[in-house]
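Bear in mind that the values in this text are calculations on the coordinates, not laboratory data. Just so you know, these numbers come straight off a predicted model, no measurement behind them. Every residue, glycine among them, receives a Cβ derived from its backbone with ideal geometry; neighbour counts consider all protein chains shown.
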Amino acid sequence: AVCFVAGKYILLFYDSVHRSHTSIYLLYCNYLIMHGRLKVRTTEEERERKKKEQALKVKAYRAAMVKIQEKRLSHELDGEMLLLTSQILLRNPDVSTLWNIRRECAEQIVLKTEDLEEQQTIFETELNFSEQCLLVNPKSYNCWHHRCWILEHSPKPNWEREVQLCTKYLKMDERNFHTWDYRRYVVEKANIPKQSELDFCTEKIKVNFSNYSSWHHRSLLLPLLYPYEGEAQPKRAMSEEKLQNELEMVLTAAFTDPNDSSAWFYQRWLLGYSRQELDVCAFRCNNKHAMLAFTNPLILDAKDVAITNSEGTVIIKLTNWHSINETKADNVWFFSLTDNAISYKEFPEEAFLEINRSDISLKKINLKTYKESLFYFKSPNQQHAFSKNVLNELQSQLESCESLLEYEPDSKWTLLTSALLMHAIDAQKYHNKSLENLEKLQKVDALRENYYKDLASRWILEKFLLNWMDSDAVPYELDLRSENLNALYYSQYLCIADKLLLPNNLTNYSSMKQLQGFSIFEY
């Protein structure tokens, strides 16, 4: 039905489910025609009107859902079912059950015909419908997922058209991460050149620097287009030359709006603040038990670990490993030798830990001796070995940040980036200065005070463990009493210590379970 109100045509949807709602709406339209303009309602009247309107919508929705469920139980997956689901989804595209039902309907209808053209028409109809729903909510998980399903089952999916659709929606909202996720999916299917996608990212960033999704998309493309071929550990995300170019570009974006976080986060990724590569970080074995720690959680197989001599002969096969946290994947594993005790004299003079895993680069580790045990320790390495040109660029950016801080001393992003740059350039040299920045940030950005305390704790432990690795105290005693720690990070690195002395101001003890193997705690 069409109603002419105040010089405009209004389209009214009419069906058996919404009959009462439609009638009320027609009366309301007649009221407008008679009076020519809206009556100014009081707050109470407006609240009551909305309440009644909402009640009608809920009643209609429930009636439709009852009808849909009845038809589903009766396996009536037909055109009427599609009509009923469409009436609800066009108003609320986020009802997952209804999308599942539409997929069931589509499958049922497709099974009735072997004509590929007819099948394609069915899927095209679903694509068009999902696009109408996207106009209602462009950030609907269900709509985008439904399009993926349609295209995967369609006889002739048009991937290039989907790329164009993403471009259209990113013009409407360039920060819609749902569209970016879908774009990554269809671009791969359409075999769009990665360089073309990188150019698209660049254009979107130029339009709006505050586009976290575009920066993220860029971070996924660069390692593929400009892979790092050097030998530095940990590996960098991309080649040195491209890294330098990206650092220059992101600084321009960051300084355009210092209070926007998008570019600062991307710069942080460029500096290498990401998850460490999987590696062995600590090992200890005596005649009673053994502990093995990794940088990241993994599932340890019984055949993965053994102690060998210099000739490669297996001396001890360590098979019965248990997760410290009693989880399937863990970064600290415990092995008891109680039932199969060995003598320290059986340890070879030159012993090695052999790891039989393809995802660990260092497969044979030279072990040291301490009293009647074998051990290995490698401090956490969060610093990347940058080339001279990249270091010069980082130093230049640090100077720019320091200059900006002279004018805006309380700029939180500049303070944080300055600290991160110092840590990336030379963590040892700038250790105290970077901690000063974090201490100031606790006051400037008080809402994130604990975040800065935690980051400071992480850096303090990195420096301490680096020094501990070369000291005579390893693995006997690890004395942290004089350190200003808020939390105990890198706990898997500490599991080989006999004695761990903790500071009084430590507030987070959640990781203590990982240290139960050898350590004797003192507070």
Residues with amide H under 5 Å from that of Ile315, placed H, sequence gap 5 or more: Ile307, Thr308, Asn309
Residue-wise HN-Hα coupling along region 361-376, computed from phi with Karplus coefficients 6.51, -1.76, 1.60 (Hz; x: Gly, Pro): 6, 8, 9, 10, 10, 6, 9, 9, 10, 9, 6, 9, 8, 10, 8, 8
Karplus-derived HN-Hα couplings along region 310-316 (A = 6.51, B = -1.76, C = 1.60, θ = phi - 60°), whole Hz, x at Gly and Pro: 5, 8, x, 6, 6, 9, 9
Cα shape, region 159-268, gyration tensor, a/c 1.5 rule: oblate
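Order by neighbour count: Val314, Val250, fewest other Cβ atoms within 10 Å first, most last. Spell out each step's value before the answer.
Values: Val314 11, Val250 24.
In increasing order of surrounding Cβ atoms, one gets Val314, Val250.
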Selection from Phe177, Gln120, Trp159 lying farthest towards where the dipole of region 105-195 points positive, charges on Cβ: Phe177
Under 9 Å, Cβ to Cβ, from Ser310 - net charge with Lys/Arg +1 and Asp/Glu -1: -3
5 angstrom amide H check on Asp445, placed H, neighbours 5+ away: none
For region 117-126, Karplus couplings with θ = phi - 60° (6.51, -1.76, 1.60), whole Hz, Gly/Pro x: 5, 5, 4, 4, 4, 4, 5, 5, 4, 5
Amide H within-cut-off set for Leu478, under 5 Å, with H built and near neighbours excluded: Lys499, Leu500, Leu501
Full-extension gain in nm, Ala446 to Ser86, via 0.36 nm per residue minus C-alpha separation: 124.8 nm
Identified option (computed semi-axes √(5λ) of the Cα gyration tensor in Å; candidates (i) 58, 32, 25; (ii) 35, 29, 21; (iii) 40, 31, 18): (i)
Helix 177-190 axis, angle to the chain major axis (alpha carbon atoms, nearest 10°): 90 degrees
Phe177 versus Ser261: modelled label distance in nm, points set 7 Å from Cα along the beta carbon direction: 1.0 nm
Local electrostatic count, Lys412, Cβ distance below 14 Å [Lys/Arg +1, Asp/Glu -1]: -3
Region 62-114 and region 393-439: distance between their alpha carbon centers, rounded to Å: 58 Å
Extended-chain gain in nm, criterion 0.36 nm per residue less alpha-carbon gap, Leu116 and Thr327: 71.1 nm
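Where the only charges are on Cβ atoms (+1 Lys, Arg; -1 Asp, Glu), what is the dipole of the chain about its Cα centre, to the nearest 20 debye? Can you show the working numbers first?
Numbers: 64 positive and 72 negative charges, 411 e Å.
Taking the Cα centre of the chain as origin, the dipole is about 1980 debye.
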Rounded tilt (10° steps) of 141-153 against the dominant C-alpha axis of the chain: 90 degrees
Likely footprinting exposure, Val136, Val332, Val95, fewest C-beta neighbours within 10 Å first: Val136, Val95, Val332
Sorted by Cβ density within 10 Å, fewest first, the residues Phe334, Phe283: Phe334, Phe283
Rel. contact order, % - alpha carbon contacts under 8 angstrom, at least six apart, region 388-460: 23 percent
Cα lying deepest toward the dipole's positive end in the chain, options Leu300, Tyr141, Asn467, charges on Cβ: Tyr141
Radius 12 Å from Cβ of Glu248, net charge of other residues (Lys, Arg +1; Asp, Glu -1): -2
